[in-house]
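Peer 1: Here it is, the structure in full.
The values are calculated or read from the model by the stated rules, or taken from the named source; none is laboratory data. All figures in this text were calculated on a predicted structure; none of them were measured in a lab. Every residue, glycine among them, receives a Cβ derived from its backbone with ideal geometry; neighbour counts consider all protein chains shown.
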Amino acid sequence: MTSAPETLPPSRAARRGARASGVTEPPPAAPDTGDPQIGTETGLVSPREATRAERWRERAEVLWHATRRVVRQIAEVVRPLGWVVLAGAVVLWWLSLAFGWKELLVAAVVATVVLAVSLVFLFGRTTYDIELDLTRTRVVVGERAVGGLNLVNRTSRTILPSEVVLPVGQGRGVFQVPRLVPGAQHEEVFAIPTTVRGVLEVGPVSVRRGDPIGLFERTHDRRQAVDLFVHPRTTSLDGLSLGHLRDLEGLPVQQLARDDVSFHALREYQPGDDLRHVHWKSTARAGSVMVRQYEETRRSHFVVGLSTHPDEYRDADEFELAISAAGSVGLRALRDSRVLDARTQAGPVRPLTPPRFLDELSQLGHSRRRQGGVVSLAGGIAAASPEAAVIVLVTGSKADASELRLACSRLPFGVRTLVVVADSRVDAPALRRIAEADVVTVGELDQLPRAIRKVLA
């Protein structure tokens, strides 16, 4: 028996000839899948009823998800001691029924009664109106942050005693709330120690209700968390309200002035003008006396670069000293209405306002080693702020003189450079000169104002 010959598709030339003669090419035949539910003309799949096995599988999945949800809720309520008592009750019941021991039966009944009575404490309302109030969300390291919790029962039913849990960073505070009748309120005052710079998450406040034995516990979160910024210590600096004078060609003069002024325009001399502002080249060119006109801009470009490389600091205290020094210099520049750029190896710090600047410093940590040290930081500053007037680099004591010299060489030409080295081993501030930069070494934050005065003397 021979099979039917296979039909070959028409060639490309044959299809072009058919289209030219107006003959419509028939659609390709639908593949034979053996499924009677696929139409030969439309190609649509008609719906079919689920089989019994599929229905049972769907019901089992729904039951499984519901069981998991119930088990999860029970696991959140039962404490470790509750699991022990519950397991003990089950074992006692089994032994008493298996061996008929009346002593074990009595113990099983007692354990069951204890579990049932403890469950009663979980029922009831915990719908307090909770107000979390921090007197200050920004404090300096070492200061105590004071806050308060105010709980009010605005329902028409009495709320049984409960506990309020307030997480603070890695710890938490627990407050006992007495029985509150409708309309009653309860206030708790607390203090948060701030021994370390950082950002502490206060909250969310949760209400916990449980039995006196500690078998069961029910917790409900009531309020969102609040961020508490612990700022680094800073000191007030005098003498940083200084800016560069720029000549007519825009080149910075190494002399500093008390007022930050910049060249505005040239105009003809008028009686009373300061003869020191006469621009003689323009006078000779114009044939009349021309003087420089200045304006107070208060917009000197000030850059603070803080090296966060971990290998440049001996210990954590030295790193904190560097952050405090950078914060003190940056605050002085912001209060003098300067255009401040603050940078680390990780990128720019956004000093929009003094509080926001300190907020950013509160979150700073060590950078990655592959990001480089103070030399890489200086290169980033030169690329991001080529028009800087004053650059202050802050680093640790393990950055040697060769690294500081190389870092200063990467800064823009003509910029006034000050390097602050944090060294916890020194007892008095020291001043030295590396290349064109003044380098001051301080061992404590209180030494920084005196060191700055030595530089500007």
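Peer 1: Answer yes if at least one residue in the range 131-144 is more than 24 Å from the chain's Cα centre (by Cα) and of a type outside the set (Ser, Thr, Tyr), and no otherwise. Don't jump to the end; show me each part of the working.
Peer 2: Filtering the range 131-144 for residues more than 24 Å from the chain's Cα centre (by Cα) gives 131.
Then keep just the ones that are of a type outside the set (Ser, Thr, Tyr); that gives 131.
Checking the range 131-144: at least one residue is more than 24 Å from the chain's Cα centre (by Cα) and of a type outside the set (Ser, Thr, Tyr).
Peer 1: Please specify each residue of the range 349-359 satisfying the condition of being surrounded by fewer than 20 Cβ atoms within 10 Å (Cβ to Cβ) and without any contact (Cβ under 8 Å) to a residue 60 or more places away in the chain.
Peer 2: At the first step, the residues of the range 349-359 found to be surrounded by fewer than 20 Cβ atoms within 10 Å (Cβ to Cβ) are 350, 352-356.
Those that are surrounded by fewer than 20 Cβ atoms within 10 Å (Cβ to Cβ) and without any contact (Cβ under 8 Å) to a residue 60 or more places away in the chain: Arg350, Leu352, Thr353, Pro354, Arg356.
Peer 1: Out of all the residues in the range 382-425, which are within 25 Å of the chain's Cα centre (by Cα) and at pLDDT below 95?
Peer 2: Hit for the range 382-425 is Ala384, nothing else.
Peer 1: Could you tell me how many of the residues in the range 378-400 are part of a helix (DSSP H, G or I) and under 22 Å from Ile452 (Cα atoms)? Can you show your working first?
Peer 2: Start the filter on the range 378-400 by keeping residues that are part of a helix (DSSP H, G or I), which leaves 378-384.
From what is left, the residues that are under 22 Å from Ile452 (Cα atoms) are 378, 381.
Of the residues in the range 378-400, 2 are part of a helix (DSSP H, G or I) and under 22 Å from Ile452 (Cα atoms).
Peer 1: Quick one: would you say Ala378 is of a type outside the set (Ser, Thr, Tyr), buried (at least 22 other Cβ atoms within 10 Å of the Cβ) and in contact (Cβ under 8 Å) with a residue 60 or more places away in the chain? Working first, answer last.
Peer 2: On the way: of a type outside the set (Ser, Thr, Tyr): yes; buried (at least 22 other Cβ atoms within 10 Å of the Cβ): yes; in contact (Cβ under 8 Å) with a residue 60 or more places away in the chain: yes.
Answer is yes for this residue.
Peer 1: Does Trp94 satisfy being outside the structural domain of Leu180 (by TED's automatic domain parsing), of a type in the set (Phe, Trp, Tyr) and closer than 19 Å to Gly210 by Cα?
Peer 2: Numbers: outside the structural domain of Leu180 (by TED's automatic domain parsing): yes; of a type in the set (Phe, Trp, Tyr): yes; closer than 19 Å to Gly210 by Cα: no.
It is false that Trp94 is outside the structural domain of Leu180 (by TED's automatic domain parsing), of a type in the set (Phe, Trp, Tyr) and closer than 19 Å to Gly210 by Cα.
Peer 1: If we keep just the residues of the range 381-408 that are small (Gly, Ala, Ser) and within 21 Å of Leu445 (Cα to Cα), which is surrounded by the fewest Cβ atoms within 10 Å (Cβ to Cβ)? Working first, answer last.
Peer 2: Initial filter on the range 381-408 (small (Gly, Ala, Ser)): 382-385, 388-389, 396-397, 399, 401-402, 407.
Right, trim to within 21 Å of Leu445 (Cα to Cα) and you get 396-397, 399.
Working: Gly396: 24, Ser397: 20, Ala399: 22.
Going through the qualifying residues, I end up with Ser397.
Peer 1: Among Ala107, Ala116, Ala98, Ala184, which is over 41 Å from the mean Cα position of the chain (by Cα), among the small types (Gly, Ala, Ser) and surrounded by 13 or more Cβ atoms within 10 Å (Cβ to Cβ)? Walk me through it before giving the result.
Peer 2: Values: Ala116 fails: surrounded by 13 or more Cβ atoms within 10 Å (Cβ to Cβ); Ala98 fails: surrounded by 13 or more Cβ atoms within 10 Å (Cβ to Cβ); Ala184 fails: over 41 Å from the mean Cα position of the chain (by Cα).
The conditions single out Ala107.
Peer 1: How many of the residues making up the range 419-433 are surrounded by 17 or more Cβ atoms within 10 Å (Cβ to Cβ) and without any contact (Cβ under 8 Å) to a residue 60 or more places away in the chain?
Peer 2: Selection size over the range 419-433: 3.
Peer 1: Turning to a different aspect of this structure: Among all residue pairs at least 6 apart or on different chains, which show Cβ distances below 9 Å where the first residue, located in the range 195-207, is under 14 Å from Arg144 (Cα atoms) and the second is part of a loop (DSSP other than H, G, I, E, B) and among the hydroxyl-bearing types (Ser, Thr, Tyr)?
Peer 2: Listed pairs, sorted by first residue: Leu200/Thr194; Val202/Thr137.
Peer 1: Condition check: farther than 30 Å from Val196 by Cβ, surrounded by 15 or more Cβ atoms within 10 Å (Cβ to Cβ) and either in contact (Cβ under 8 Å) with a residue 40 or more places away in the chain or among the aliphatic types (A, V, I, L, M) (or both). Does Leu160 satisfy that?
Peer 2: Numbers: farther than 30 Å from Val196 by Cβ: yes; surrounded by 15 or more Cβ atoms within 10 Å (Cβ to Cβ): yes; either in contact (Cβ under 8 Å) with a residue 40 or more places away in the chain or among the aliphatic types (A, V, I, L, M) (or both): yes.
Yes: the conditions hold for Leu160.
Peer 1: Moving to a separate point now. Would you tally the residues in the range 323-358 being under 20 Å from Leu228 (Cβ atoms) and among the hydroxyl-bearing types (Ser, Thr, Tyr)?
Peer 2: 2
Peer 1: Step by step: first the residues of the range 199-215, then only those that are surrounded by fewer than 21 Cβ atoms within 10 Å (Cβ to Cβ) and at pLDDT 85 or above, then the one that is nearest to Val177 (Cα to Cα). Which residue is that?
Peer 2: The extreme case among them is Pro204.
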